[in-house]
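Q: Submitted below is the structure of interest, expressed as structure tokens.
Readers should treat all values here as calculations from the given coordinates under stated rules, not as data from a laboratory. Note that the coordinates shown come from a computational prediction; the quantities given were computed from them, not determined experimentally.
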Ligand SMILES: [Mn+2]
């Protein structure tokens, strides 16, 4: 059995406001490591990257330099964990950290992106979010559209690095799961379809969590698998822990975690990114307890 290494990324640099930078500390305090070990999972604590709280910044890409700095640190840390033969468990932090994670794996990686948003920017098929908030642009940046400082995180040859640019991930190695249909335009759906990115939205996830996971795995094909899990895939009426609410999305915590459990059981799983937990939404700690039940339960299936 391979060992996991937990890497905390206490950053809300790309977020709509502060709060997510507190998540690694809150999840540790709630017993994340002990609970994983109690479930039979071997995990070492790789510590946290530097605390990087939200700053507003200016459009078109707010707080870009901090987002780029954090993503670059994540990339290097993930590459080092992988070089040591371990499986990274990256605990964010806002969703822009996944750009650094993918860059750390390199372009061979397969990514199943479980998220309440498609993260294509507010206009659906463009690289610039109307708000300037980078947290909602992760997928378009992965596909090579957006700020060159982010699309080039993969180093020479990656998008933003000249005419022969390559995206951070091959589009046919990316599958999206759980997007709230109210948050995506048809232009966004066409953008994905045109590039060959398979996506299944929230209603599909709610109808058949395990089947949705299996279809996403089939879509990305065999190879090293990374899973991104944004807690905002869960209806805020069930578990309002996410930084940005999705009330009435119709995806229950049980359904989202059932999907994650199916992905977690996949033998090719070589990494998990957890994003968007905002502990300030949970003064009692009960939401984080339920979240940890779901995360630890999913990984314990391995
Ligand atoms: Mn999201």
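Q: Using a Gaussian network for the chain with springs between C-alpha atoms less than 10 Å apart, which of these wobbles most: 199, 244, 229?
A: 244
Q: If you don't mind, another one. Let me see the pair-distance distribution of the range 166-290: every alpha carbon pair, 10 Å bin width, integer percents in order.
A: That works out to 13, 42, 35, 10, 1, in percent per bin.
Q: Calculate, in nm to one decimal, what residue 301 and residue 29 gain on full extension: separation in residues at 0.36 nm each, minus their alpha carbon distance.
A: That works out to 95.6 nm of additional length.
Q: Against the 2.2 N^0.38 Å scaling, with N counting residues, where does the range 3-299 land? I'd like the Cα-based Rg ratio to two decimal places.
A: On the way: Rg = 17.0 Å, N = 297, 2.2 N^0.38 = 19.1 Å.
The reported ratio for this selection is 0.89.
Q: On to the next question. Calculate the length of the line joining the C-alpha centroid of the range 163-196 to that of the range 62-122, in whole Å.
A: For the range 163-196 versus the range 62-122, the Cα centre distance is 17 Å.
Q: In whole Å, largest first, what are the principal axis extents of the Cα atoms in the range 19-92?
A: Principal-axis extents of the Cα atoms in the range 19-92, largest first: 46, 29, 16 Å.
Q: Suppose a student asked you for the relative contact order of the chain, using Cα pairs under 8 Å spaced at least 6 residues apart; what percent would you report?
A: Numbers: 741 pairs, mean separation 59.8, N = 302.
Averaging sequence separation for qualifying contacts and normalising by length gives 20 percent for the chain.
Q: Which residue fluctuates the most in the chain, going by a Gaussian network model with Cα springs under 10 Å, if the choices are 206, 256, 218?
A: Result for the chain, Cα springs under 10 Å: 218 fluctuates most.
Q: Next up: I want the antiparallel fraction of DSSP beta bridges within the chain, as a percent rounded to 5.
A: That works out to approximately 5 percent antiparallel.
Q: Taking the chain as a Gaussian network, Cα atoms linked when under 10 Å apart, which of 35, 261, 62 shows the biggest mean-square fluctuation?
A: Of 35, 261, 62, the Gaussian network model singles out 35 as fluctuating most.
Q: On to the next question. Alpha carbon centre of the range 224-257 versus the range 3-52: separation in Å?
A: 18
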